[in-house]
Amino acid sequence: MGGSDPSGRLVRPFTLTGGRTRPSRADFTLITTVTAADPQPESAARPQPEHTRILRLCARPMAVAELAARLDLPVSVVVIMLCDLLEAGRITVRPPRSVTTPDPDLLQKVREGLGRL
Amino acid sequence: MAGSDTDARASADGDAPDTVKILIAGGFGVGKTTMVGSVSEIRPLRTEEPLTMAGLGVDDLDGVEEKRVTTVAMDFGRITVSDDLVLYLFGTPGQQRFWFMWNDLALGALGAVVLVDVRRPKSSFAAIDFFERRGIPFVVAVNGFHGEHPYPVEDIREALTLPAEVPVLLCDARERESSRDVLIALIDLLIAQAAAAS
């Protein structure tokens, strides 16, 4: 691991996957949010038809489970395609909020939102 | 490309909302999807997962004897809490043989609602046991048959041997407000736990 600049982070396309060059299925939970990159990278190869469908659906942010339901495909299959899309720089990914120690502000926000229903 | 009115490529994922989830669990046919549907802003969606892919390492395709494909279905809904926060509600698969799915589902959940059928309270034992063992906060919501509640909360608490700290509510999963109040009770429990822990 020699040669990395101690003062700055390595900025690579896969910072969201913890520095791995190959995204893994573990990066996509059911409620991980996926958004199509806009504009799409020009250099990338033409997306396959199923990939194009995904990109169209997540022109606005959409959770993995919702993508799978709308594509009528198993989550595990969609995740494999999302790995490819992430690798090609065609999507950005936002992991869900960590709730190991729930943030009181977050809980309050949920409560207020439910109160408005 | 409807609605992409800003050019914010660099922060595209920053524009995505935060997401959290709550599980709706309970015995088969207890009204989980009904509850999800009554509060969700979208009609409940369904994902189906082939059992072998969901449960096992996928790479090993030797198991020819496992050719028979079974799928496990999950219904879920969504509530947009605010501009930047979306709550997902996942109905857990009710059949006992799909319990292993729950580990994946439970990962990262805020907490759970265990729905109880007033006519068959013990069919929700397994769900209660699951969340107790894993220390996942939950409330118990007794779904009345046609909205009727012949038994008081305390009788149900006793029948299910629930400790005093687990909230038990009567509800009608068909009613939006009733289901919403169950979710609020769970959030109140979480807020109380967070306050006690700090």
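Annotations for the structure displayed:
- Look at (1) in a helix (DSSP H, G or I); (2) surrounded by 15 or more Cβ atoms within 10 Å (Cβ to Cβ) and you find that A:VAL34 fails only one, number (1).
- Scan the stretch A:71-117 for residues that are assigned to a loop (DSSP other than H, G, I, E, B), within 9 Å of chain B (Cβ to nearest Cβ) and out of contact with any Gly (no Cβ under 8 Å at 6 or more places or on another chain) and the total you get is 11.
- Failed criterion for A:PRO39 (all others in (1) more than 8 Å from chain B (Cβ to nearest Cβ); (2) farther than 29 Å from B:ASP181 by Cα; (3) at pLDDT 85 or above; (4) loosely packed, with under 14 Cβ neighbours inside 10 Å hold): (1)
- Taking residues in the stretch A:79-103 that are without any contact (Cβ under 8 Å) to a residue 12 or more places away in the chain, and partners anywhere that are part of a loop (DSSP other than H, G, I, E, B), the pairs with Cβ atoms closer than 7 Å and at least 6 places apart or on different chains are A:VAL99/B:GLY108; A:VAL99/B:LEU110; A:PRO102/B:LEU110.
- There is no residue in the stretch B:133-150 that is surrounded by fewer than 16 Cβ atoms within 10 Å (Cβ to Cβ), within 13 Å of chain A (Cβ to nearest Cβ) and under 25 Å from A:GLU112 (Cβ atoms).
- If you go through the stretch A:59-117 and keep only what is over 24 Å from B:ARG176 (Cα atoms) and of a type in the set (Asp, Glu), you end up with A:ASP72, A:ASP84, A:GLU87, A:ASP103, A:ASP105.
- The condition of being at pLDDT 70 or above, surrounded by 14 or more Cβ atoms within 10 Å (Cβ to Cβ) and at the interface with another protein chain (Cβ under 9 Å from one of its Cβ atoms) holds for B:VAL39.
- Residues that are more than 7 Å from every other protein chain (Cβ to nearest Cβ), over 15 Å from the mean Cα position of the chain (by Cα) and either hydrophobic (A, V, I, L, M, F, W, C) or not in a helix (DSSP H, G or I) (or both) within the stretch B:174-194 comprise B:ARG174, B:GLU175, B:LEU189, B:ALA192, listed in sequence order.
- Residues satisfying the stated conditions in the stretch B:19-36, i.e. within 14 Å of chain A (Cβ to nearest Cβ) and farther than 20 Å from B:ILE136 by Cβ: B:THR33
The values are calculated or read from the model by the stated rules, or taken from the named source; none is laboratory data. As the structure is a computational prediction, the values presented were derived from the model and not from experiment. Please note: Cβ atoms are built from the backbone with ideal geometry, for glycine as well, and neighbour counts cover all protein chains shown.
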